[in-house]
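Below is one structure, written out as structure tokens; the observations come after it.
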Amino acid sequence: MSRSSKTSAIANILLLPAVARKLAFGTLGISLVLAIFLPRLQFQFELESLFAESGDHSFYLYQVEAFGFDNDFLNLMVVPDESSVYRWKFLEDMRATIKALEQLEDVEFVYSPLSLRKLIKGPSGVQTYPLLNAASKLQSDSLFIANDPYLSQAFPASNVFVILIKHRHFLDAKASELFMEKVKPIADTLPYEQHYLVGRLPAEKEFLSYIKTDFAVFLALSLVLCGVVLWWICRSAKLVLYPFLISVLSLIWTFGLMALLGVPVTIMTSLLPPIVLFVACSDTIHLIAAFRTSGNAQSAIEKVLAPTFLTSVTTAIGFLSLLWIPVSLIRNMGWIAALSVLFAFITTYMLAPLFLKGKVTSVNSGNSLTWILQVTKRYGIAIIIGFFLLTGTGLWASLRLNVDAYLLHDMPSDALTVQSFNFSDEQLGGSKPYEVAIWPKDTSKTIWDAAVLVEASKIVKYLEQSYPVANVLAPTKFMQYARHARHGIYDLKQISRQDQLLARRIERQSSIQVVSEDERLARITGNIKEYGSLNTNERDAAFKEYVRKNIDHEVIQYRITGTNHLIDQTHHLLAGSMAKSLGWAVLLVSILFGIYFRSAKWSLIALIPNVVPLLITGLLMYVLKVPIQLSTSLIFVLVFGIVVDDTIHFLATFKRSPAGTTEEKLDYTMETSGRGMLHTTITLVAGFALFLLSGFGGTYYLGFFLCIALITALITDWLLLPVILRKFNRN
């Protein structure tokens, strides 16, 4: 049975009254069931969802077993009204705040400068004494702290008091939000206007707020804009209702399934409302255009069923290729978006018999588009040269795109989280946790072995002076403090048993564990500024080179780890993962083209105009200095997955054209499919333009480049395809 016979048979079955009723009731039933689950839809933003699956992640989990999560901390930074924190009234207020925080259920411990104790060597050994606990000794205590290299770290800025809050690890957004609702009132009751909460929880909470806002805005405006665009195209209430209903049902099916499966709305899937609504319209618009041209549903379905099935599959492949990117956040986006495209195709034809009935009056669609063919005929060589130069330059530029990410830079500059982290960077030398794991190569030795500590001290010195890492804590710090208290020196080459006992005691009193229970693993922890993933990777490379040349690897081993390192490594892997993802999408779509058109030549013809928008997008990103990051990594795959649709409809119409010569076929194609391509492009551009309203910088750029790529794809199909077809389809 030929392809046309198969589509004719399917059209006949779909249009049978009994079948049409069953399909309509089936669609309604599925929609109602999935709609029941919509209230269960959850919103989530967790830094862990940005981690790539890698060896670094496995080691991070090993590190977590020994020391816990490195980002389960909150810094409450308070700026006194006076010029210094060494004021008794101010310290009393801090004590009251610390006491209130310690009483919270999910707080494991609170550490601050008020936790400090000085070491004094006496006849019976080294004794510890409290600091800052008496008004009469405040001046002498402040001088003692200022002159002590270890204790002075607690006051990296003399005009900022830092309270470190260690909380339990929260597994869901609701629990962390409830915890923040307890902490924030305590901070807000302070009689000091300038105070900041810095940490993962407030950052995730504000990110989540922006995600919810974007989702609500995208959903509401998508529905309104979709209706407006469809009315402009169809000018018929019945024909507007058809694609609009398909889009709404696709939304219900998509988000109902997410709620049913417990998949939350994230920073990526919050983009789905415009994507689902406007991509879902595309197939319906082509079907309506065919219905208006042929005048009956049977003929319309026969004409566009196969092309729309192919466009749905190719778009789904584009989304599914995101599974090659080893980040759960993006993978979830890929398979959910792919399902939504298939949902749209299914509902389009399940409900087609209800709307494609009777006769329809063709709306005056404006002037003929065949003038474009005259342009391509007259300037064919110039068009080929122009596109060749553009794509060549685009390829050159695309290969030079940088992978760079500033997670907080995606947020508006006036966001409270951005201001808090910037303040921490300026006043405390850093806001992002930085972790290096160290361990003795000889398993018979411990971290407290003199040779191990000597090598570790070189690492600490480099990190503090050259990287730089602020507020460093390491086993070497505790040992140096112990050595200074007992001997008046910081040298680590001669360490006694008593030195080790005192260093262990100091570490326990600090509350922040840096040595594992078995003393075979340690951490060097501190804070760095928001350098961006590119600059941070360069600093890491320089650090590794220093360690390679200056550290005895027979004594000590090391590894950079921690939350922020994993996020930076995720971005570092993006370029390769994105190229692999795009490569698979191109390969699979090319195979489908070959199967559908039954010709390798036609597969190549279909592929060429869809590579052009990708390379022009790369060129534009390079010119505007927009780096590849999590959100912008979607651009190329989404562009390729979506822009192939118009090419398929153009070539499918060309091949089935009843006309004889190539020019006659082109005229027929431009008159029948050209306007549908224009309408679908306008629809998609209108939808993706909503991303320009986002509070996230990455989402804004995603919308901007998708709009440019869609317009470029339409121009390419209109100008380049006719020139290519004249060359390869001579009559």
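Can you name the residue in segment 132-142 that is modelled with pLDDT of 85 or more and exposed (fewer than 12 other Cβ atoms within 10 Å of the Cβ) and is also nearest to Phe478 (Cα to Cα) among such residues?
It comes out as Ser140.
Inside segment 134-159, can you point out the residues that are free of Cβ contacts under 8 Å to residues at least 12 places away in the same chain and of a type in the set (S, T, N, Q)?
Ser136, Ser140, Asn147, Ser152
Residue pairs, Cβ under 6 Å, 6 or more apart or interchain, first in segment 508-523 and more than 10 Å from Ala66 (Cβ to Cβ), second aromatic (Phe, Trp, Tyr). List them.
Final answer for the pair search is Ser511/Phe109; Ser511/Tyr111.
Check off (1) of a type in the set (Asp, Glu); (2) surrounded by fewer than 20 Cβ atoms within 10 Å (Cβ to Cβ); (3) touching a Pro at 6+ places or on another chain (Cβ under 9 Å) for Asp717 and give me the number that stays unchecked.
Of everything listed in (1) of a type in the set (Asp, Glu); (2) surrounded by fewer than 20 Cβ atoms within 10 Å (Cβ to Cβ); (3) touching a Pro at 6+ places or on another chain (Cβ under 9 Å), Asp717 misses just condition (2).
Among the residues of segment 206-227, which ones are open to solvent by 20 Å² or more (accessible area, probe 1.4 Å) and among the aromatic types (Phe, Trp, Tyr)?
Selection gives Tyr210, Phe215.
Just to be sure I understand, how many residues within segment 420-446 are open to solvent by less than 20 Å² (accessible area, probe 1.4 Å), polar (S, T, N, Q) and in contact with an Asp or Glu (Cβ under 9 Å, 6 or more places away or on another chain)?
Residues meeting the conditions: 1.
Among what's in segment 101-131 and is within 45 Å of the chain's Cα centre (by Cα) and in a loop (DSSP other than H, G, I, E, B), pick the residue that is surrounded by the most Cβ atoms within 10 Å (Cβ to Cβ).
Here is the first cut: in segment 101-131, the ones within 45 Å of the chain's Cα centre (by Cα) are 101-117.
Next, only the ones that are in a loop (DSSP other than H, G, I, E, B) stay: 103-106, 112, 116.
Details: Gln103: 11, Leu104: 14, Glu105: 9, Asp106: 17, Ser112: 21, Leu116: 24.
Restricting to residues being within 45 Å of the chain's Cα centre (by Cα) and in a loop (DSSP other than H, G, I, E, B), the top hit is Leu116.
Among the residues of segment 30-56, count how many are open to solvent by 50 Å² or more (accessible area, probe 1.4 Å) and part of a helix (DSSP H, G or I).
7
Here's a check for you: in segment 214-250, which residue that is polar (S, T, N, Q) and in contact with a helix residue (DSSP H, G or I) (Cβ under 6 Å, 6 or more places away or on another chain) is nearest to Leu356 (Cα to Cα)? Give the derivation first.
Restricting attention to segment 214-250, the residues satisfying the condition of being polar (S, T, N, Q) are 222, 236, 247, 250.
Still in the list and also in contact with a helix residue (DSSP H, G or I) (Cβ under 6 Å, 6 or more places away or on another chain): 222, 247, 250.
Details: Ser222: 25, Ser247: 17, Ser250: 19 Å.
If we take residues in segment 214-250 being polar (S, T, N, Q) and in contact with a helix residue (DSSP H, G or I) (Cβ under 6 Å, 6 or more places away or on another chain), then Ser247 is nearest to Leu356 (Cα to Cα).
List every residue pair whose Cβ atoms sit under 7 Å apart, with the two residues 6 or more apart in sequence or on different chains, where the first one lies in segment 47-61 and is within 17 Å of Arg331 (Cα to Cα) and the second, anywhere, is open to solvent by 30 Å² or more (accessible area, probe 1.4 Å).
Final answer for the pair search is Ser49/Ser328; Phe51/His57; Ala52/Gln569; Ala52/Leu573; Ser54/Gln569.
Considering only segment 428-484, how many residues are within 23 Å of Lys118 (Cα to Cα) and not hydrophobic (A, V, I, L, M, F, W, C)?
Final tally of qualifying residues: 9.
Across segment 423-440, what is the number of residues that are of a type in the set (Phe, Trp, Tyr) and modelled with pLDDT of 90 or more? Quick ask: steps written out before the conclusion?
Initially, segment 423-440 is screened for residues of a type in the set (Phe, Trp, Tyr), giving 423, 434, 439.
With the extra rule that they be modelled with pLDDT of 90 or more, the set shrinks to 434, 439.
Of the residues in that region, 2 qualify.
Listed residues Val183, Val162, Val198; which is buried (at least 19 other Cβ atoms within 10 Å of the Cβ), touching a residue at least 60 places away in the same chain (Cβ under 8 Å) and in a helix (DSSP H, G or I)? Before you say what the answer is, go through the steps one by one.
On the way: Val162 fails: in a helix (DSSP H, G or I); Val198 fails: in a helix (DSSP H, G or I).
Among Val183, Val162, Val198, only Val183 is buried (at least 19 other Cβ atoms within 10 Å of the Cβ), touching a residue at least 60 places away in the same chain (Cβ under 8 Å) and in a helix (DSSP H, G or I).
Among (1) hydroxyl-bearing (Ser, Thr, Tyr); (2) closer than 21 Å to Leu310 by Cβ; (3) open to solvent by 10 Å² or more (accessible area, probe 1.4 Å), where does Ser581 come up short?
Every condition holds for Ser581 apart from (3).
For Phe73, all conditions in the list (1) surrounded by fewer than 18 Cβ atoms within 10 Å (Cβ to Cβ); (2) within 28 Å of Arg523 (Cα to Cα); (3) out of contact with any helix residue (DSSP H, G or I) (no Cβ under 7 Å at 6 or more places or on another chain) hold save one; what is the number of the exception?
Status for Phe73: all satisfied but (1).
Return the residues of segment 685-697 that are in contact with an Asp or Glu (Cβ under 9 Å, 6 or more places away or on another chain) and crowded, with 21+ Cβ neighbours inside 10 Å; say none if nothing qualifies.
To start, the set of residues in segment 685-697 that are in contact with an Asp or Glu (Cβ under 9 Å, 6 or more places away or on another chain) comprises 691, 693-697.
Listed by number, the residues that qualify are Phe691, Ser694, Phe696.
For Leu684, are the conditions met, namely being of a type outside the set (Ser, Thr, Tyr), farther than 18 Å from Ala659 by Cβ and within 27 Å of the chain's Cα centre (by Cα)?
Yes; evaluated as a whole, the condition is true for this residue.
Give segment 223-247 a look and list any residue that's modelled with pLDDT of 80 or more and among the hydroxyl-bearing types (Ser, Thr, Tyr), or say none.
Tyr242, Ser247
Show the residue pairs meeting these rules: Cβ distance below 7 Å; 6+ apart or different chains; first residue within segment 635-658 and over 22 Å from Ser321 (Cβ atoms) and in a helix (DSSP H, G or I); second residue open to solvent by 10 Å² or more (accessible area, probe 1.4 Å) and of a type in the set (Lys, Arg).
Listed pairs, sorted by first residue: Phe654/Lys665.
Please count how many residues of segment 244-290 are farther than 29 Å from Asp172 by Cα and of a type outside the set (D, E, K, R). Steps first, please.
Residues of segment 244-290 that are farther than 29 Å from Asp172 by Cα, as a first pass: 244-249, 277-290.
Next cut, of a type outside the set (D, E, K, R) only: 244-249, 277-282, 284-290.
Going through segment 244-290 one residue at a time, the tally reaches 19.
Is it the case, given these coordinates, that Leu76 is part of a strand (DSSP E or B) and modelled with pLDDT of 80 or more? Let's see the steps before the verdict.
Numbers: part of a strand (DSSP E or B): yes; modelled with pLDDT of 80 or more: yes.
It is true that Leu76 is part of a strand (DSSP E or B) and modelled with pLDDT of 80 or more.
Please go through segment 228-239 and give me each residue that is open to solvent by 20 Å² or more (accessible area, probe 1.4 Å) and either among the hydrophobic types (A, V, I, L, M, F, W, C) or within 30 Å of the chain's Cα centre (by Cα) (or both), ordered by number. Can you show your working first?
So the first thing to find is which residues in segment 228-239 are open to solvent by 20 Å² or more (accessible area, probe 1.4 Å), and the list is 228, 231-232, 235-238.
Within segment 228-239, Val228, Trp231, Trp232, Ala237 meet the criteria.
Within segment 572-597, which residues are touching a Gly at 6+ places or on another chain (Cβ under 8 Å) and under 30 Å from Leu407 (Cβ atoms)? Reasoning before the result, please.
From segment 572-597, those touching a Gly at 6+ places or on another chain (Cβ under 8 Å) are 585, 589; that's our starting set.
Within segment 572-597, Ala585 is the sole residue that qualifies.
Taking the options Ile98, Ile145, name whichever one is open to solvent by less than 40 Å² (accessible area, probe 1.4 Å), within 27 Å of Ile528 (Cβ to Cβ), at pLDDT 90 or above and assigned to a helix (DSSP H, G or I). Quick ask: steps written out before the conclusion?
Working: Ile145 fails: at pLDDT 90 or above.
The conditions single out Ile98.
Considering every residue within segment 428-445, establish whether at least one is assigned to a loop (DSSP other than H, G, I, E, B), farther than 30 Å from Ala503 by Cα and in contact with a Pro (Cβ under 8 Å, 6 or more places away or on another chain).
No.
For segment 584-604: of the residues being β-branched (Val, Ile, Thr) and open to solvent by 60 Å² or more (accessible area, probe 1.4 Å), which is nearest to His57 (Cα to Cα)?
Ile591
Each row is one residue, and each column tells you yes or no for (1) more than 19 Å from Phe37 (Cα to Cα); (2) open to solvent by less than 20 Å² (accessible area, probe 1.4 Å); (3) among the charged types (D, E, K, R).
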| position | (1), (2), (3) |
| --- | --- |
| Ser247 | no, yes, no |
| Trp253 | no, yes, no |
| Ala290 | yes, yes, no |
| Gln298 | yes, no, no |
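Is it the case that segment 637-659 has a residue that's closer than 24 Å to Val403 by Cα, modelled with pLDDT of 80 or more and either polar (S, T, N, Q) or open to solvent by 20 Å² or more (accessible area, probe 1.4 Å) (or both)?
no
The values are calculated or read from the model by the stated rules, or taken from the named source; none is laboratory data. It should be emphasised that the depicted structure is a prediction, and the values quoted were computed from it without experimental measurement. Methodologically, a virtual Cβ is constructed for each residue, glycine included, from the backbone with ideal geometry; neighbour enumeration extends over all protein chains shown. The area values use the complete protein model at the heavy-atom level, side chains included, leaving out ligands, DNA and RNA. Shrake-Rupley method; radii C 1.70, N 1.55, O 1.52, S 1.80 Å.
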